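The values are calculated or read from the model by the stated rules, or taken from the named source; none is laboratory data. Just so you know, these numbers come straight off a predicted model, no measurement behind them. All Cβ positions, glycine included, derive from the backbone under ideal geometry; neighbour counts span all protein chains shown. Note: areas computed on protein heavy atoms with side chains; ligands, DNA, RNA excluded. Shrake-Rupley method; radii C 1.70, N 1.55, O 1.52, S 1.80 Å.
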Amino acid sequence: MVHHACTASWVALVAVAALSLSGCAGPGAGGDPTDVNPEGEIKPREISWLLSRPADGGVITAMQKIADEYAAAHPGFSLNLITTPDRPSYIQKYETLAAANKLPELFDTDATPFAQKLAEQGRMVDVDLLLDDLGMSDEYREAALNYQRFDDGSLYMVPFEFQLEFFWYNKDLLAQAGVSVPATLDDFAPMCEALRAQGITPIALDGADGWPLERYMAYYPFRQAGPEYVQKLKTGEAKFSDAPGRAAADWLYGLGQAGCFQEGFSSTGYADAQAQFTSGKAAVYNIGTWELANLATDKLDAGVRDSVDYFTLPTLPGAVTADNEYVTPSGIGMAVNAATYDPLVRDFLAFALERYPAEVAASGALSPTTDVETQIPANATPLYDRAIAQASDVGEKIAMPWDTQLDPATNTRLQQELTLLVQGDITPDEFVSTMDAALTENVGG
């Protein structure tokens with residue numbers, strides 16, 4: 001069953017949110033994070049998964065079906081799915097439960113500094129060892145596993161999806177403005193100006209959520225300096241005022257000055273931003289393959305269906321990352337609580353992870369594994385097939401979404417300041433100065 005909110009008892013745990021992780025250094029009652037095949041009898045019981053995914057989404061739908069199958073053969077077993085799709089609310093809940101040593105058997109997390117502390121304290125099962133023990137290591141896409149890894153290369157989360165993020169565009173609108181697909185990131189502002197001159201909204205942006213604009217902050221540094229810049233930034237080893245951060249600020253300020261995003265973008269939500277593109281009002285829309293059903297099937301408005309195409313993240317002169325390296329996320333991962341890991345949890349995971357790829361592929365989505373073929377829906381446009389095929393040509397380096405990397409306080413401040421920067425309310429100098437101060441306050445450096 002799926003619960004949108006955790007049990008009421010978690011509310012009482014907010015009081016312990018101030019507990020530092022250093023205060024619960026051991027794995028509690030349990031287990032060795034490297035003992036991935038513990039001895040003992042499989043005793044069916046309810047296990048819980050604290051997760052941050054849509055209740056009617058593909059992951060929950062597939063895992064609920066698989067859990068029901070497992071329960072049929074193991075009376076007394078059930079999987080309690082406790083979902084909080086809103087990510088900031090989820091993070092508060094997850095970090096509070098972690099501080100109180102109350103995490104359930106399975107829990108979602110990105111590869112954040114907070115999660116790395118949990119792993120260092122022996123509180124998460126080593127997923128490299130687990131997948132190896134299950135004989136599944138070679139079945140996972142390298143890029144899907146790499147997205148889940150901490151910066152030291154260690155792996156403590158299992159991916160349940162694989163996505164490619166593209167710039168979807170309307171060929172007719174670009175042609176109307178006499179511009180072609182941007183060859184480099186520096187071509188964005190001139191493209192926007194040409195589209196504006198024709199009365200066309202250049203780029204549809206969900207500015208209300210913060211993370212879509214934050215994606216743009218990641219692009220210039222990824223091309224100019226590689227993935228290492230944000231790795232150093234989040235620990236305070238790098239600054240926003242360093243060359244890659246400053247270049248990104250200048251670029252984003254330029255996008256704002258060129259009128260790249262729709263008027264009132266900061267209050268435009270996810271659905272409305274997508275509607276601007278699908279209705280033919282906006283020329284470009286940056287989103288991932290999780291939206292294939294809306295962008296590459298007959299659900300898409302007939303008036304724009306034949307005009308829609310996509311391009312991947314443009315490069316820069318002297319780029320240190322390859323053209324086929326861009327944002328290729330495998331989503332929030334699932335960690336396994338070492339303290340509650342036992343023969344039942346292992347047996348269920350062995351059962352579930354073996355069956356999951358076929359379920360997700362049947363839904364028309366990319367699997368994090370390569371052992372299944374995604375079923376293209378009957379109502380798909382040719383773009384759907386091409387987007388799925390693109391997954392087999394993805395480079396090793398990943399442009400990590402910064403909202404999965406930075407600490408929550410720095411992340412929130414960054415999203416606020418980026419909006420001001422693009423609106424022209426602050427200068428690039430003011431932006432990097434403010435963000436350097438926030439970074440020093442939140443992580444030192």
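Can Ile398 be described as over 22 Å from the mean Cα position of the chain (by Cα) and part of a loop (DSSP other than H, G, I, E, B)?
So Ile398 does not fit the description; no.
For region 297-311, what are the residues that are outside any strand (DSSP E or B) and within 24 Å of Val360 (Cα to Cα)?
Answer for region 297-311, where residues must be outside any strand (DSSP E or B) and within 24 Å of Val360 (Cα to Cα): Asp298, Lys299, Leu300.
Among the residues in region 177-186, are any more than 24 Å from the chain's Cα centre (by Cα), part of a helix (DSSP H, G or I) and in contact (Cβ under 8 Å) with a residue 24 or more places away in the chain?
Checked against the condition, which is being more than 24 Å from the chain's Cα centre (by Cα), part of a helix (DSSP H, G or I) and in contact (Cβ under 8 Å) with a residue 24 or more places away in the chain, region 177-186 yields at least one hit.
Could you pull out the residue among Asp403, Asp342 that is of a type outside the set (A, V, I, L, M, F, W, C) and over 30 Å from Glu69 (Cβ atoms)?
So the residue among Asp403, Asp342 that is of a type outside the set (A, V, I, L, M, F, W, C) and over 30 Å from Glu69 (Cβ atoms) is Asp403.
Before we move on, is Lys102 within 15 Å of Met157 (Cβ to Cβ) and open to solvent by 40 Å² or more (accessible area, probe 1.4 Å)?
no
Since Phe222 meets every condition but one in (1) among the aromatic types (Phe, Trp, Tyr); (2) under 26 Å from Gln176 (Cα atoms); (3) surrounded by 22 or more Cβ atoms within 10 Å (Cβ to Cβ), which condition does it not meet?
Every condition holds for Phe222 apart from (2).
Residues of region 55-82 being under 24 Å from Trp290 (Cβ atoms) and either hydroxyl-bearing (Ser, Thr, Tyr) or at pLDDT 95 or above (or both), which ones?
Once the filter is applied, which keeps residues that are under 24 Å from Trp290 (Cβ atoms) and either hydroxyl-bearing (Ser, Thr, Tyr) or at pLDDT 95 or above (or both), region 55-82 yields Val59, Ile60, Thr61, Ala62, Met63, Gln64, Lys65, Ile66, Ala67, Leu79, Leu81, Ile82.
Within region 189-212, how many residues are out of contact with any strand residue (DSSP E or B) (no Cβ under 8 Å at 6 or more places or on another chain), hydrophobic (A, V, I, L, M, F, W, C) and farther than 17 Å from Thr112 by Cα?
Summing the residues that are out of contact with any strand residue (DSSP E or B) (no Cβ under 8 Å at 6 or more places or on another chain), hydrophobic (A, V, I, L, M, F, W, C) and farther than 17 Å from Thr112 by Cα in region 189-212 gives 4.
Restricting the search to region 401-415, which residues are part of a loop (DSSP other than H, G, I, E, B) and over 17 Å from Ala238 (Cβ atoms)?
Answer for region 401-415, where residues must be part of a loop (DSSP other than H, G, I, E, B) and over 17 Å from Ala238 (Cβ atoms): just Pro401.
Being farther than 26 Å from Gln405 by Cα, open to solvent by less than 10 Å² (accessible area, probe 1.4 Å) and touching a residue at least 24 places away in the same chain (Cβ under 8 Å): is that true of Leu295 here?
It is true that Leu295 is farther than 26 Å from Gln405 by Cα, open to solvent by less than 10 Å² (accessible area, probe 1.4 Å) and touching a residue at least 24 places away in the same chain (Cβ under 8 Å).
Name the residues in region 332-341 that are in contact with a Lys or Arg (Cβ under 8 Å, 6 or more places away or on another chain) and assigned to a loop (DSSP other than H, G, I, E, B), would you?
Ile332
May I ask you to list the residues in region 321-362 that are of a type in the set (Gly, Ala, Ser) and within 28 Å of Thr112 (Cβ to Cβ)?
Across region 321-362, the qualifying residues are Ala322, Ser330, Gly331, Gly333, Ala335, Ala338, Ala339, Ala350, Ala352.
One residue is enough: does region 219-229 have a residue meeting the conditions closer than 15 Å to Asn411 by Cα, within 20 Å of the chain's Cα centre (by Cα) and outside any loop (DSSP other than H, G, I, E, B)?
no
Okay, residues lined up against (1) touching an Asp or Glu at 6+ places or on another chain (Cβ under 7 Å); (2) open to solvent by 20 Å² or more (accessible area, probe 1.4 Å); (3) within 17 Å of Ile60 (Cβ to Cβ):
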position	(1), (2), (3)
His74	no, yes, no
Leu79	no, no, yes
Glu95	no, yes, no
Ala98	no, no, no
Leu106	no, no, yes
Ala111	no, no, no
Lys117	no, yes, no
Leu129	no, yes, no
Glu139	yes, yes, no
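Taking the options Ala352, Ala362, Ala438, Ala358, name whichever one is modelled with pLDDT of 95 or more, touching a Lys or Arg at 6+ places or on another chain (Cβ under 6 Å) and over 25 Å from Asp309 (Cβ atoms).
Result: Ala438 is the single residue among Ala352, Ala362, Ala438, Ala358 that is modelled with pLDDT of 95 or more, touching a Lys or Arg at 6+ places or on another chain (Cβ under 6 Å) and over 25 Å from Asp309 (Cβ atoms).
Of all residues in region 399-419, which are within 24 Å of Arg223 (Cβ to Cβ), open to solvent by 30 Å² or more (accessible area, probe 1.4 Å) and not charged (D, E, K, R)?
Listed by number, the residues that qualify are Met400, Gln415.
Can you name the residue in region 356-379 that is open to solvent by less than 30 Å² (accessible area, probe 1.4 Å) and either part of a helix (DSSP H, G or I) or not polar (S, T, N, Q) (or both) and is also farthest from Tyr326 (Cα to Cα) among such residues?
By that ranking, first place goes to Tyr356.
Would you check which residues across region 71-127 are assigned to a loop (DSSP other than H, G, I, E, B), among the acidic types (Asp, Glu) and in contact with a Ser or Thr (Cβ under 6 Å, 6 or more places away or on another chain) and list them?
Those that are assigned to a loop (DSSP other than H, G, I, E, B), among the acidic types (Asp, Glu) and in contact with a Ser or Thr (Cβ under 6 Å, 6 or more places away or on another chain): Glu105, Asp110, Asp126.
Does Leu353 satisfy the condition of being part of a helix (DSSP H, G or I) and in contact with an Asp or Glu (Cβ under 7 Å, 6 or more places away or on another chain)?
So Leu353 does not fit the description; no.
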